[in-house]
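Comments concern the structure below.
The values are calculated or read from the model by the stated rules, or taken from the named source; none is laboratory data. All of these numbers come straight from a predicted model, not from anything done at the bench. Virtual Cβ from ideal backbone geometry, glycine too; neighbours counted across all protein chains shown.
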Amino acid sequence: MANSAESCNKTVAVEVASITEDFSYVPSVEMQNLWNKIHDQMRDEFGEAVYRSWLKPLTLQAFYHGTLEVSVPTRFIRDWIQTHYAEGILKMCKAVSSEIQRIEYVVVQTSFFAQSENEEESSHHTSTVKEAKASPDKGPFAELFSKLDPRFTFDSFVVGESNALACAAARRVAESASVPFNPLYIYGGVGLGKTHLMHAIAWEIQRREPEKTVLYLSAEKFMYQFVKALRSQDTMNFKDFFRSVDVLIMDDIQFIAGKESTQEEFFHTFNALIDNNKQIIISADRAPSDISGLDERLRSRLAWGLVADVQPSTYELRLGILMKKRELMEANVPQAVLEFLALKIVSNIRELEGALTRLVAHADVCGKEVTLETAQNVLHDLLRSHDQRITIDEIQRKVTEHFSLKMNDMYSARRSRNVARPRQIAMYLAKQLTQRSLPEIGRKFGGRDHTTVMHAVRKIEELIDHDESVSQDVEIIRRTLKG
Ligand code: ADP
Ligand code: MG
């Protein structure tokens, strides 16, 4: 083991570096406390109904250079907040801390509610979650256990043609006394219910066999903890810990593609658990064979058990999910509205749910009934924002075309003005026209630091005011992007 660790020392260093970068803007405890205060204020200021419908999910993600980065679960919520509450919220923030100058709302697509809802659950309610938590002491690695979303159970999962296999396999794994197949590998596109199924498995196993240690975590978290262990030279405990769990559920494994030392570690953990007949469940956005940057041995081992895909939903499934959701929300929504939504929003179920939530909240706030007409209006905004979505890739392409550069110039380290300036313009436009955070934008530009992006944004803002040719270039590119 010492050998294999040594042989990949180099990759480790690279990963440590990128991790440092990624987590350097994690907000301090003080900032988190301030943010909790803001939550109380938002509830007071905007009222309980508004707070619950829109503001409660806001989660502090990062704080850097006066910018508070806050996540929202869907674009609908973000847009609504931006037009209705953003100004008020910023005022409150500025009042509690002069350090805060602006707020960025970023849509975080991962199972967001897993955190916020459950926190409330564990502090206010006692029943289900407490019971499930009566599992063995999780020790120093307690923080590895991601919270499970209380809504993500088998009961609330609607089965249709597109997810029947994955759901049946998940149930088998959760309900069998033995290990039916190992690993269970579930894959499919974004927002199709993979995380929901994984939480459902975890809940079910904990309910049936509370003495078992069930570890659910994302591959990203695995890597983060691994790198942390490497840094503190505590890999032995890390290894022991992972080898001691009874069930390992790892979400979004595609994340470790290309991260060689993390993969290596995962591979050993994986083998050790399988050898000890411990159940492993894995999700990814692609089939094992389609994930590039995955070690060949790991790839073949991943496909050893049962590989089940979740396909894009059908109309019937979408309608079924909406009906279920309506029931859970105890909302009064006409069937025709659900049919309309199921017909129009086909891309992913998270958006579908978001649309329903938005409609209901909208009606709630206005004190009106949900009708087909309000649905059409609300959806009109949504479909429009779909059309207008601009990607960083597109921006890079248009900028390189405009300046007759090569795409590679967007990622390269070249610093000559004729390349660096257009690159800065592209970063600026990415900031203006997409909802990506600074670190995300940095990654898209050859893995640059978020401070570099910020510098570019400031620079171009300044030039737009003082340099006509720059402001014209920016305007032309902006128009071609929007046209
Ligand atoms: P993924 O992990 O595949 O990106 P999630 O599991 O996070 O997707 O699902 C996104 C949202 O859609 C969640 O709120 C989930 O509860 C809901 N969802 C997805 N599929 C179903 C389903 N078949 N029944 C009920 N809800 C579903
Ligand atoms: Mg997921």
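Okay, here's what the table says:
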{"item": "Subset of segment 203-221 (residues that are within 16 Å of ligand 2 (Cβ to nearest atom), surrounded by fewer than 24 Cβ atoms within 10 Å (Cβ to Cβ) and not basic (K, R))", "result": "W203, L217, S218, A219, E220"}
{"item": "K221 vs. criteria at pLDDT below 95, assigned to a helix (DSSP H, G or I) and within 23 Å of P150 (Cα to Cα)", "result": "yes"}
{"item": "Among residues of segment 28-50, those that are touching a residue at least 12 places away in the same chain (Cβ under 8 Å) and in a helix (DSSP H, G or I), counted", "result": "14"}
{"item": "Cross-chain or 6+ apart pairs with Cβ under 7 Å, segment 205-219 first and under 24 Å from F266 (Cα atoms), then outside any helix (DSSP H, G or I) and basic (K, R)", "result": "I205/K212"}
{"item": "Qualifying positions in segment 271-289 - part of a helix (DSSP H, G or I) and in contact with a Leu (Cβ under 7 Å, 6 or more places away or on another chain)", "result": "L273, P288"}
{"item": "Cross-chain or 6+ apart pairs with Cβ under 7 Å, segment 154-174 first and part of a helix (DSSP H, G or I), then aromatic (F, W, Y) and near ligand 1 (Cβ under 7 Å from one of its atoms)", "result": "C167/F157"}
{"item": "Some residue of segment 320-331 being part of a loop (DSSP other than H, G, I, E, B) and either closer than 30 Å to N271 by Cα or free of Cβ contacts under 8 Å to residues at least 12 places away in the same chain (or both)", "result": "yes"}
{"item": "Positions within segment 236-265 being more than 16 Å from ligand 1 (Cβ to nearest atom) and either part of a strand (DSSP E or B) or charged (D, E, K, R) (or both), in sequence order", "result": "K239, D240, R243, D246, V247, L248, K259, E260, E264, E265"}
{"item": "Yes/no for L192 being assigned to a loop (DSSP other than H, G, I, E, B), out of contact with any Lys or Arg (no Cβ under 8 Å at 6 or more places or on another chain) and surrounded by 23 or more Cβ atoms within 10 Å (Cβ to Cβ)", "result": "yes"}
{"item": "Any chance R52 is modelled with pLDDT under 90, surrounded by fewer than 18 Cβ atoms within 10 Å (Cβ to Cβ) and among the basic types (K, R)", "result": "yes"}
{"item": "Filter result for A62 (within 22 Å of Q435 (Cβ to Cβ) and crowded, with 18+ Cβ neighbours inside 10 Å)", "result": "yes"}
{"item": "Qualifying residue in segment 427-440 (condition: in contact with a strand residue (DSSP E or B) (Cβ under 9 Å, 6 or more places away or on another chain), under 26 Å from A62 (Cα atoms) and among the basic types (K, R))", "result": "yes"}
{"item": "Inter-residue pairs, beta-carbon under 6 Å, first under 22 Å from H362 (Cα atoms) and in segment 58-78, second among the polar types (S, T, N, Q) and surrounded by 22 or more Cβ atoms within 10 Å (Cβ to Cβ), 6+ apart", "result": "T59/S71"}
{"item": "Counted residues, segment 25-49 - those being buried (at least 17 other Cβ atoms within 10 Å of the Cβ) and of a type in the set (K, R)", "result": "0"}
{"item": "Number of positions in segment 279-296 that are surrounded by fewer than 19 Cβ atoms within 10 Å (Cβ to Cβ) and of a type outside the set (S, T, Y)", "result": "7"}
{"item": "Segment 138-159, subset away from ligand 2 (no atom under 16 Å from the Cβ) and in contact with a Ser or Thr (Cβ under 8 Å, 6 or more places away or on another chain), residue modelled with the lowest pLDDT", "result": "K138"}
{"item": "Where a residue in segment 234-253 is more than 18 Å from I281 (Cβ to Cβ) and its partner, wherever it lies, is outside any strand (DSSP E or B) and of a type in the set (A, V, I, L, M), with Cβ under 6 Å and at least six apart", "result": "T235/A229; F238/A229"}
{"item": "Exclusive hit being more than 8 Å from ligand 1 (Cβ to nearest atom) and surrounded by 17 or more Cβ atoms within 10 Å (Cβ to Cβ), set A174, A168, A164", "result": "A174"}
{"item": "Condition broken by R299, with the remaining ones in (1) within 23 Å of Y185 (Cβ to Cβ); (2) surrounded by 21 or more Cβ atoms within 10 Å (Cβ to Cβ) satisfied", "result": "(2)"}
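Residues are listed down the side, and each one gets a yes or a no for (1) among the hydrophobic types (A, V, I, L, M, F, W, C); (2) at pLDDT below 90:
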residue: N271; (1), (2): no, no
residue: I282; (1), (2): yes, no
residue: P288; (1), (2): no, no
residue: V346; (1), (2): yes, yes
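For (1) surrounded by fewer than 15 Cβ atoms within 10 Å (Cβ to Cβ); (2) in a helix (DSSP H, G or I); (3) under 27 Å from the mean Cα position of the chain (by Cα), each residue gets a yes or a no:
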site	(1), (2), (3)
R397	no, yes, yes
L405	no, no, no
A413	yes, no, no
P422	no, yes, no
Y428	no, yes, yes
G442	no, yes, yes
A456	no, yes, yes
I460	no, yes, no
